[in-house]
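Read through the structure below, which is laid out as C-alpha cells, and then see the notes.
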Amino acid sequence: MTSTETRTAGRLGDSPLRPDGTLKVTGEFAYSSDLWHDDMVWGVTLRSPHPHARIRSIDVTDALRVPGVSAVLTAADVPGENAVGLEHLDTPALADRVVRYQGEPVALVAADHPETARRAAKRIVVDYEALPAVTDPRRALDADAPLVHASHEDNLVRAMKVRRGDPAPTAPVVVALDFEVGMQDQAFLGPESGLAVPDGEGGVDLYVATQWLHVDQSQVCRVLGLPPERVRLTLAGVGGAFGGREDLSMHVHACLLALHTGKPVKMSYARDESFFGHVHRHPAWLRYEFGASDEGELIYAKADILFDGGAYASSTGAVVGNGGTLGLGPYRIPSVHVDARGVYTNNPPCGAMRGFGCVQAAFAHEALMDELADRVGVDRVEIRARNGMREGDLNITGQVIDSAAPVAELIRTVRDLPLPAPRAEDPDIRELPGGASNTTHGEGVVRGIGYAVTYKNVGFSEGFDDYSTARVRLEAVAGEPVATVHTAAAEVGQGLITLEQQICRTELGVDQVVVHPKDTGVGSGGSTSASRQTYVTGGAVKAACEAVRTTVLRRAAASLQRTDLRLEGDKIVAESGEVVAGLVEVLEEPVEETVEWRHRPTSPIDPETGQGNAHVQYAFSAHRAVVDVDVELGLVKVVALDTAQDVGRALNPDAVVGQIQGGSAQGMGLALMEEIVVTDGHVKNPSFTDYLIPTILDMPPMQVKVLEYADPHAPYGVRGVGEPPTISSGPAVAAAVRAATGKALRRVPIRPEHITF
Amino acid sequence: MDFLAPTSWAEALETKAAHPDALPVAGGTDVMVELNFDHRRPAALLDLNRVPDLQEWSRTDDGRIRLGAGVTYSRVIAELGGTLPGLAMAARTVGSPQIRNRGTVGGNLGAASPAGDSHPALLAAFAEVEIASLRGTRVVPVAEFFTGVKRSVLEPDELIAAVRTTPPAGPQQFCKIGTRNAMVIAVSAFGFALHPDRREVGTGIGSAAPTPRPAPAAAAFLAGELEAAGLWESRGPLPENLATDFGRRVRDAAAPIDDVRGSAAYRLHALSVMARRAATWAWDSYRDENRSAA
Ligand SMILES: Cc1cc2nc3c(=O)[nH]c(=O)nc-3n(C[C@H](O)[C@H](O)[C@H](O)COP(=O)(O)OP(=O)(O)OC[C@H]3O[C@@H](n4cnc5c(N)ncnc54)[C@H](O)[C@@H]3O)c2cc1C
C-alpha cells in the first residue's frame, strides 16, 4: 500500500472496517444483555394476561417471602409521575388500577437469581376484573365502543386530513381497492436489556440498548422524580432496533428496582417476553381510489387509512402523519383527498418501525398503480415513470420537492438490470419454492415479476425541533493529533460510529479518531430513526469539526502571525502551498468545540387541508422482485430482489449497501411471512418458532444500484438511506406474487392459503 | 435437579428404572427449550450422550438397519442418505445445521410431536421402534408408537434404544410444507415409500392430526390399483387420475386443526398435492430403475 492510500483510508467515500464488525461475526460483541456487575440482582416483570381489566388488588406477600427476593414493586411504589410516552404521556410505567393490553407491566421483582425472581413473580396475586375490550380497530370509533382510556372522549389518537385541488374530481378511468397490512415486528435479536447502577446518593446510572438516550432520560426522570443530572444514561451494545427501542421498555423498571434495593439491577427480557416488551408496526386498513386519464395520468387520488395504535399512543401520531402526507406515494397528483386515522384499541401497542406510515401505504398505492396500468394498457414501469415526481414538483401537501426526485430513472433502472436466468430444466430443489422441503420438482411453479417505487421523509417532521449535538476535541497525544468525537446519537448497528470517525478524519486531517461512549454527558443527538443520523448527527459532527478547525487556524494565525492559512491533512499550509507548521505544533492546548446543529425547519401542516412544508428531505427508491410461486401449494421463492436508490452521496458505500440489503429483506418479510397474529387482544405467536423472519435461503442475491444526486441542502449532499428499501421491497414482492398467480392478494403477509384458495 | 450421566446402555436402563421420573436428554434440542421456558421441571435429567451404543447404527444379520436412538440428523444425511433416503430427506428439512448436528431421531420419537419430521418418513418405511427397560426389550411399529399429542407408548422405566427398518426395495419421498424455505416447523408433511417387494405402499402424515399417522386406506387403494393394472410388473406410467385419487384419499385420512401456522383446509389441500406429487416422483424413479437396469 502506498503512503497516500494509507493517508486517505477511512475518510468519507471509503468503507473502513467497522469496529464492531469482526466482534459481531465472531460472537464476541458485548450486547446490553451481556452487562454484568458483581453485586447485581436480577429484575423481572409481571405482565397482564388480559387485554383489558381492572386491577382490584395486588398482593405481593407471597412473592416477598421467597428467599433471595429483595424487592417487589407496583404502581404504588412509583416516586414520581407514573406516566411515560413519546408523544403523549399516556403510558403508566406500571399499570395503575387498569391494564389495557396483554403483556402490560404490572409489577416488578428483584432477586439474586433470574429464576428466583421469575418464580416469585408468579406468586404475586393480582385480582383482575376483566373488562370489555376493543380489539377490532374498525369498530374503535363506534359510539358504543368501550373506551381504552376512560379520561378520553373516544378512542381516536390522531386524525389527519389532506385536501388539495378539485374537491369533487372526476376522471375517465377510476380504479379502487381495499388493502390490509398485518402487524409486523422489528424482531431485533438482542432482547430488551440493561443494567441500572445506583450511585449511593439517590441517583442512578443506566446502561441500556436504546435509540435515543435523552428522550429516555427525560421519561425516566419523570417517573423517578429526579432531575436529569441524577439519571445518567450510557448506550450499551444494541442488538438491532428498527424503531422498537424508541419507547421505553425495562429502563424505568431497572432504575426503580436499583434505587429501591440499593443494588445494581440487571434486566433482560426472554425471547417470548420481548414480543410483549416493545411496540410493533401498526396494522393498517387502507381504501384507495385513483382517477386517471385514458393514458394513465393521475387526475386525483383518494385514500382512507386506518392504523391500529393499540393500547397506548407511542408514535401513532407520527405514523398517521406519514401515512397522511406521504401515503399516496411519489407521484404527481393534482387533486387529493386523504384521511388517515390512528386509534386506541386493547391490542398490543404499535409504534415506530422502519419506514412507518409509508410501509403500509405503499402496499396499497403500488397495488393500485398496477391495476391502473393494466386498466389503461400502459406498461407497469412506464406508468410509474409517467406519474413519478420530479424535482420542482409539489407534493400532496404543497411542498416543493427541491432536490432530486428521480422516480422515473429509479424505476427504469431496476427494469433494465439483468433478469435472473430462467428456471433450470432440472433445478436443485433448494432453488425452488419450498426449498429442501421437497414440495415441488417444478410442478406448479410460475414466475412473476413485480415493481414498486416509494418515497419517505428523512428526519423528524411537522415543525419538530430536530437537532443533534456534537463535541469534538483535538489534541496531541504522543506527538500525533488525535480527535475525540462525543455525541449521544445511538449506534444501533447502522454504522454511525464509523461515520463519525470518517467525518473527523476528513474534516480535520487526522488518522486517529476516538469515539467517546454514547451517553447523556453531551447534549441530545436526537433519535436514531427516521433515517436521520447521517444527516443530522453527521451534520453536527461536521459543524463541530469546522468549529475546531476555525479555532486551530485562529491559533495558528496568532502564533505564526499570518492569516492565509488552511488545514491540509495534518499540516497547516499557507496560500502559496508552503507547509508552515504541523497540526500538533498548535495543539499544545487541546481544542474542543460543542455544536448543536439543526436541519432546515419544517412546519406543522394545516389541520383542515393538510398543506404545509411538513418534511425536511425526501428519499426515493425502487425495487424489482422476481418470484417463483408454486401456485398449487402457495409457496413462494423470491428469486431476485433488485433495487435502485438515490442516497444523495454515499459517505460509506458498503454501509449504504448493507442498509439497502437489510431493509429489503425486512420489507420482503412483511410481504411473505412476518406477522404477529392477534386474536381478541391475545398474541398467538410470541416466539421465533412461529413469528417467521426470512432466512438466508429466503433472501435472494440482490443487485443494488446506488444513485448519488447530492441534496444541496444537506451536509455533504447526503440523503437518508435506511428506510426506503423496507418500503418498496415488500410491494414489489407482493406485485410479483400477484403476477405469478393472477390473484388480487389484497392482504400482507401473503399466506400460502391466500394463493391456493 | 439431579443430573444422571450413565456411560453404558446397561447403566442407562438401571438408572431409568431407579429414577423413572428422570427426563432423558439426547441432543437436548427439545428438552433444553422446554427447560428454558420453564414448561417442564423434571426431578432429574438423564443424559444419554455418554452411552456409546446409542450413537451407532449398524446392519443386522438379517440385513436390516438398526439406527441407534442417539444418531443425529447430520449423520443420517451424511452416512445413510443412500440407505434410508426417505428419512434422510426428512432430516434435511429439520431446523438449521446446528439443530441437525445435535438433534436425533430418538429424540424426535421421544418428543412425539405431531410435527416431528422423521415420523412420516419412518411410518412410510414401516419402521419399528426398539424400546428397552430392565424388564426386557419390545419392538413397536412406528404406527403404533404414538398415542396422543406428544404422547407415546413409552413406560416411565423405558428408553428408546433404536429404530429398526428394512433398507427400502423401492423409492421413497418426503415433502414438508412451511411458510418459509428453511428452519420451519411443518404446516403439514407427507412421507411416501414404494415397497415393490411386498407390493405395498407406505404412507405417513405429519402435522395434520393429533399424532403422526399413516393413511392405510389410501395406501391399500394405490397398491391395489397398481396391482390390478399390472403396473408393478409393467412399470408403466402412473395414471394421473390415480395419483390424484390417491392424494384425495391421503387427505381424507388426516384430521388437522386451524392454528397460527395454517388452516385445516390448507393442510388438507396441501396433503393431497404432496401425496399426488410424492407418489408420482416415486413411481417415476421406480420406472427409471427398470430402464437403467435394462
Ligand atoms: C430451532 C429448532 C428447530 C427445530 N426444527 C425442527 C424441525 O424442523 N423438525 C423437527 O421435527 N423438529 C425440529 N425441532 C425439534 C427437535 O430438534 C427435534 O424433535 C429433535 O429430533 C429432538 O432430538 P434431540 O436429540 O435434541 O432430543 P431431546 O431434546 O434430547 O429429547 C427430546 C425428547 O425425547 C426424549 N428422549 C430423547 N432420547 C430418548 C431415548 N433414547 N429414550 C426415550 N426418550 C428419549 C427426551 O426425554 C425428550 O422428551 C427443532 C428444535 C429447535 C430448537
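The residues listed here are A:Leu94, A:Leu12; of these, the one that is touching a helix residue (DSSP H, G or I) at 6+ places or on another chain (Cβ under 7 Å), outside the structural domain of A:Met250 (by TED's automatic domain parsing), surrounded by 17 or more Cβ atoms within 10 Å (Cβ to Cβ) and not aromatic (Phe, Trp, Tyr) is A:Leu12.
Residues satisfying the criterion are present in the range B:26-39 (criterion: modelled with pLDDT under 95 and either within 17 Å of B:Ser118 (Cα to Cα) or more than 12 Å from the ligand (Cβ to nearest atom) (or both)).
Would you mind stating whether B:Leu122 is of a type in the set (A, V, I, L, M), touching a helix residue (DSSP H, G or I) at 6+ places or on another chain (Cβ under 6 Å) and surrounded by fewer than 24 Cβ atoms within 10 Å (Cβ to Cβ)? When the stated conditions are applied, B:Leu122 does not pass them. Within the span defined as the range B:65-73, every residue fails to be out of contact with any Gly (no Cβ under 8 Å at 6 or more places or on another chain) and not in a strand (DSSP E or B).
Within the range B:104-123, the set of residues being in contact with a Lys or Arg (Cβ under 7 Å, 6 or more places away or on another chain) and assigned to a loop (DSSP other than H, G, I, E, B) comprises B:Ala112, B:Ser113, B:Asp117. Of all the numbered requirements in (1) part of a strand (DSSP E or B); (2) surrounded by fewer than 24 Cβ atoms within 10 Å (Cβ to Cβ), A:Ala340 misses one, and that requirement is (2). Determine if the range A:53-69 includes at least one residue that is surrounded by 16 or more Cβ atoms within 10 Å (Cβ to Cβ) and closer than 26 Å to A:Ser315 by Cα. Yes.
Residues of the range B:142-196 that are closer than 26 Å to B:Leu268 by Cβ, of a type in the set (S, T, N, Q) and in a loop (DSSP other than H, G, I, E, B): B:Thr179, B:Asn181. Any chance the range B:168-182 includes a residue that's within 15 Å of the ligand (Cβ to nearest atom), aliphatic (A, V, I, L, M) and within 11 Å of the chain's Cα centre (by Cα)? No; the residues of the range B:168-182 include none that is within 15 Å of the ligand (Cβ to nearest atom), aliphatic (A, V, I, L, M) and within 11 Å of the chain's Cα centre (by Cα).
Conditions (1) away from chain B (no Cβ under 14 Å); (2) over 25 Å from A:Pro79 (Cβ atoms); (3) modelled with pLDDT under 95; (4) buried (at least 24 other Cβ atoms within 10 Å of the Cβ), marked per residue:
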site: A:Gln184; (1), (2), (3), (4): yes, yes, no, yes
site: A:Gly190; (1), (2), (3), (4): yes, yes, no, no
site: A:Gly200; (1), (2), (3), (4): yes, no, no, no
site: A:Gln217; (1), (2), (3), (4): yes, no, no, no
site: A:Val252; (1), (2), (3), (4): yes, no, no, yes
site: A:Cys255; (1), (2), (3), (4): yes, no, no, yes
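When B:Ser58 is tested against the conditions (1) outside any loop (DSSP other than H, G, I, E, B); (2) within 11 Å of the ligand (Cβ to nearest atom), the lone failure is (2). Of the residues that make up the range A:646-654, is at least one assigned to a helix (DSSP H, G or I) and either under 30 Å from A:Val336 (Cβ atoms) or not hydrophobic (A, V, I, L, M, F, W, C) (or both)? Taking every residue of the range A:646-654 in turn, at least one turns out to be assigned to a helix (DSSP H, G or I) and either under 30 Å from A:Val336 (Cβ atoms) or not hydrophobic (A, V, I, L, M, F, W, C) (or both).
Scanning the range B:241-294 for residues that are more than 10 Å from every other protein chain (Cβ to nearest Cβ) and of a type in the set (Lys, Arg) gives B:Arg248, B:Arg249, B:Arg251, B:Arg287, B:Arg291.
Annotation note: of B:Asp47, B:Asp21, the sole residue that is surrounded by 15 or more Cβ atoms within 10 Å (Cβ to Cβ), more than 12 Å from every other protein chain (Cβ to nearest Cβ), more than 8 Å from the ligand (Cβ to nearest atom) and of a type in the set (Asp, Glu) is B:Asp47. Residues of the range A:722-743 that are surrounded by fewer than 24 Cβ atoms within 10 Å (Cβ to Cβ) and either touching a residue at least 12 places away in the same chain (Cβ under 8 Å) or within 14 Å of chain B (Cβ to nearest Cβ) (or both): A:Arg738, A:Ala739, A:Ala740, A:Thr741, A:Lys743. For A:Ser461, the test of being touching a Ser or Thr at 6+ places or on another chain (Cβ under 6 Å) and either in a loop (DSSP other than H, G, I, E, B) or in the same structural domain as A:Ile727 (by TED's automatic domain parsing) (or both) is passed.
Can you tell me how many residues within the range B:125-144 are surrounded by fewer than 24 Cβ atoms within 10 Å (Cβ to Cβ) and more than 11 Å from the ligand (Cβ to nearest atom)? Matching residues across the range B:125-144 total 12. Among the residues making up the range B:65-90, those that are near the ligand (Cβ under 9 Å from one of its atoms) and hydrophobic (A, V, I, L, M, F, W, C) are B:Ala69, B:Ala90.
The values are calculated or read from the model by the stated rules, or taken from the named source; none is laboratory data. Note that this is a predicted model, so its numbers are computed, not measured. Virtual Cβ from ideal backbone geometry, glycine too; neighbours counted across all protein chains shown.
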